[in-house]
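*Asks:* The structure under discussion is supplied below as structure tokens; questions concerning it will follow.
The values are calculated or read from the model by the stated rules, or taken from the named source; none is laboratory data. The model shown is predicted, which means the values in this text are computed figures rather than measured ones. Cβ: placed from backbone, ideal geometry, glycine included. Neighbour counts: every protein chain shown.
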Amino acid sequence: MRLDRFLSENTQLSRKEAKRALHRGDVLVDGIEIKKGDLKIKTQQVTLNGVTISEIGALYFMLNKPKDYVCSTVEEDGVSVLNLVDEDLRGQLHIAGRLDKDTTGLVLLTNDGQWSHRVTSPRRDCEKVYLVEVTEPLNEGLIEIFKQGIALNNETGLTKPATLEIVAQTQARLTISEGKYHQVKRMFAAVGNHVVNLHRERIGPISLPSDLNEGQVVALEQAQVEYFS
């Protein structure tokens, strides 16, 4: 692993801050001052301002996201979901599979960049399941329309086939396997409806436990992690 990446994954420093620390001479590798971030770290001792840095290892969590939190490390439009995580972990984690500010439910957090790429890669065709509440009554004819794919505004072609299960007059469970911008809301808008509540229940085999309250975080099970390995 590159030294600058080692620092950013095992300290509170971002990659940019790690490079600044290197430039200042704050970092020693086996007692030698190192200023370049491309040095490969295997078993060497790394110290930052005299404190030995230990490798944290891979971390994988799920979060039940409440409304009004943003899936971003930059808090421009609201409070980041990372504030719901223990303070000593916040600088290590990033978000794999984001949700809109007004959407609730399953969010995955990790410090494993390759793993999160596999979660979000369009090539995986990873199923995402959403519970959707809309303003207008739903009819059975929509099931086939969603199955055939929907033409979204300002895009060519159709969405991939989606599974729509009507669970109440204005509530449905939608399964999609892609992640276009505001996709669920745009799909319902394309059929003349408006989403008022959106909740993600599942990503691949990872389902949000019914007893995980809003704002709570829990570690993933090994089998859930390995699905995307």
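*Asks:* Kindly indicate whether residue 67 is surrounded by 15 or more Cβ atoms within 10 Å (Cβ to Cβ) and modelled with pLDDT of 95 or more. Don't jump to the end; show me each part of the working.
*Replies:* On the way: surrounded by 15 or more Cβ atoms within 10 Å (Cβ to Cβ): yes; modelled with pLDDT of 95 or more: yes.
It is true that residue 67 is surrounded by 15 or more Cβ atoms within 10 Å (Cβ to Cβ) and modelled with pLDDT of 95 or more.
*Asks:* Mind checking which residues of region 136-192 are surrounded by fewer than 16 Cβ atoms within 10 Å (Cβ to Cβ), closer than 21 Å to residue 122 by Cα and among the hydrophobic types (A, V, I, L, M, F, W, C)?
*Replies:* Matches in region 136-192: 151, 158.
*Asks:* Further question on the same structure: Does any residue of region 177-193 turn out to be in contact with a strand residue (DSSP E or B) (Cβ under 8 Å, 6 or more places away or on another chain), assigned to a strand (DSSP E or B) and either acidic (Asp, Glu) or more than 17 Å from residue 100 (Cα to Cα) (or both)?
*Replies:* no
*Asks:* Something else: Tally time: how many residues in region 99-158 are within 25 Å of residue 78 (Cβ to Cβ) and over 24 Å from the mean Cα position of the chain (by Cα)?
*Replies:* 2
*Asks:* If I go through region 196-219 residue by residue, how many of them are of a type in the set (A, V, I, L, M) and in a loop (DSSP other than H, G, I, E, B)?
*Replies:* As a first pass, look at region 196-219 and keep what is of a type in the set (A, V, I, L, M): 196, 198, 203, 206, 208, 212, 217-219.
Those still in the list that are in a loop (DSSP other than H, G, I, E, B) too: 208, 212.
Of the residues in region 196-219, 2 are of a type in the set (A, V, I, L, M) and in a loop (DSSP other than H, G, I, E, B).
*Asks:* Does residue 41 count as touching a Leu at 6+ places or on another chain (Cβ under 7 Å) and over 26 Å from residue 114 (Cα atoms)? Lay out the reasoning, then the answer.
*Replies:* Values: touching a Leu at 6+ places or on another chain (Cβ under 7 Å): yes; over 26 Å from residue 114 (Cα atoms): no.
Considered against the rule, which asks whether it is touching a Leu at 6+ places or on another chain (Cβ under 7 Å) and over 26 Å from residue 114 (Cα atoms), residue 41 comes out as no.
*Asks:* Tell me, yes or no, whether region 137-151 has at least one residue that is modelled with pLDDT under 95, part of a loop (DSSP other than H, G, I, E, B) and charged (D, E, K, R).
*Replies:* no
*Asks:* Name the strands (runs of 3 or more DSSP E) wholly inside region 16-121 in which the number of residues that are within 28 Å of residue 221 (Cα to Cα) and without any contact (Cβ under 8 Å) to a residue 24 or more places away in the chain is 3 or more.
*Replies:* none
*Asks:* Another question about this same structure. Against the condition small (Gly, Ala, Ser) and more than 22 Å from the chain's Cα centre (by Cα), how does residue 31 come out, does it pass?
*Replies:* Values: small (Gly, Ala, Ser): yes; more than 22 Å from the chain's Cα centre (by Cα): yes.
Against the criterion (small (Gly, Ala, Ser) and more than 22 Å from the chain's Cα centre (by Cα)), residue 31 qualifies.
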